[in-house]
Amino acid sequence: MPVFPSGVGSPGRIRTKTGRLYNFFFGPNPQRVNIYLAEKGLSDVQRVIFNAPTGNTDWPPAEIAAISQTGSLPILLDEVGTKITQSLAILEFLEDRYPVPDMRGSTAAARARTREIVSVFDEALDAFALWARYGSDLGGHDKSAYREVIKIGSDGYIQKLQLAERMIKQTDFLAGDTVTIADCVAMALLHYTASFYDVPIPACCPQLTRWYDRFAARPSAVCHEYPATQLRIARGLMEQSSVAFPG
Ligand SMILES: N[C@@H](CCC(=O)N[C@@H](CS)C(=O)NCC(=O)O)C(=O)O
């Protein structure tokens, strides 16, 4: 059953202009879009929010199975039936449909910079997902058989954050002086790694840490509760997988 929690994440004004977004309030890909909608101030998208799958529930529900082969969210369906099943494509689509306020950059160079930073955090998520899948008790794998995979994932994650640290400048936001989709993508990832897996931003990334602390205080960055059972198992990924960050 879809849920419609109140507060920051509640569904916007219901109109059919841009169709319907199916999403969770959980996970780095769904949260990219939730943070974006809040920063954009966009209420033209009808939101249908599902409880995060717990592993014990039947997922996907019929409403999602009817439109998706994988059952993975977010999915945006527009008013003429266009279906978009990738979070970054949803952000780009909404930027095309709603150019104001601009959250990509006003010049080709500014847009390229935004996309560069988005790509770095997207790659960081891929590396983190590998680490978490094989290094967390949540994954249920025999960790000793996956030491190399865990190392590739955790090293890759740290290297991408270090790359981001070198790329960002002394600006209020990651790609410049205004909020862009790069902030939404980075915040969704770093909040997830910190608050679900208990993995902090490494000390070698002080600029990124300062940006995170500022952005986390914005209303858009509010995160809803994680499923308690999964959270209990997930916390402490570094200890669970014997990974330490470089000093
Ligand atoms: N590449 C996709 C990935 C989406 C994705 O992995 N969604 C996860 C939540 S983070 C999900 O729906 N998991 C539930 C499932 O697949 O059963 C995107 O960026 O939108």
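Count of the stretch 85-132 residues, restricted to those that are touching a helix residue (DSSP H, G or I) at 6+ places or on another chain (Cβ under 6 Å) and of a type in the set (Asp, Glu), is 1. Residue count for the stretch 25-51 under the criterion of being under 15 Å from PRO227 (Cα atoms) and surrounded by fewer than 18 Cβ atoms within 10 Å (Cβ to Cβ): the result is 1.
Out of all the residues in the stretch 19-52, which are within 11 Å of the ligand (Cβ to nearest atom) and in a strand (DSSP E or B)? TYR22, ASN23, PHE24, PHE50, listed by residue number. Against the conditions (1) among the hydrophobic types (A, V, I, L, M, F, W, C); (2) at pLDDT below 90; (3) under 22 Å from HIS191 (Cα atoms), MET1 satisfies every one except (3). Residue pairs whose Cβ atoms lie under 7 Å apart, separated by 6 or more positions or on different chains, with the first residue in the stretch 89-111 and on the phi > 0 side of the Ramachandran plot and the second at pLDDT 95 or above, are GLY105/ARG111; GLY105/ARG113; GLY105/THR114; GLY105/ALA175; GLY105/THR180. Does any residue of the stretch 220-228 turn out to be of a type in the set (Phe, Trp, Tyr), modelled with pLDDT of 95 or more and open to solvent by 10 Å² or more (accessible area, probe 1.4 Å)? Within the stretch 220-228, not a single residue is of a type in the set (Phe, Trp, Tyr), modelled with pLDDT of 95 or more and open to solvent by 10 Å² or more (accessible area, probe 1.4 Å). THR193 falls short on exactly one of the conditions (1) under 15 Å from the mean Cα position of the chain (by Cα); (2) hydroxyl-bearing (Ser, Thr, Tyr); (3) open to solvent by 10 Å² or more (accessible area, probe 1.4 Å), and that condition is (3). Counting just the residues of the stretch 83-114 that are in a loop (DSSP other than H, G, I, E, B) and hydrophobic (A, V, I, L, M, F, W, C), which one comes out nearest to the ligand (Cβ to nearest atom)? Only one residue fits best here, namely MET103.
The values are calculated or read from the model by the stated rules, or taken from the named source; none is laboratory data. Here the structure is a predicted model, which is why all the values come from computation and not from measurement. Don't worry about glycine lacking a Cβ; one is built from the backbone with ideal geometry, like all the others, and counts go over all protein chains shown. Calculation scope for accessible area: heavy atoms of the full protein, side chains included, ligands and nucleic acids excluded. Shrake-Rupley method; radii C 1.70, N 1.55, O 1.52, S 1.80 Å.
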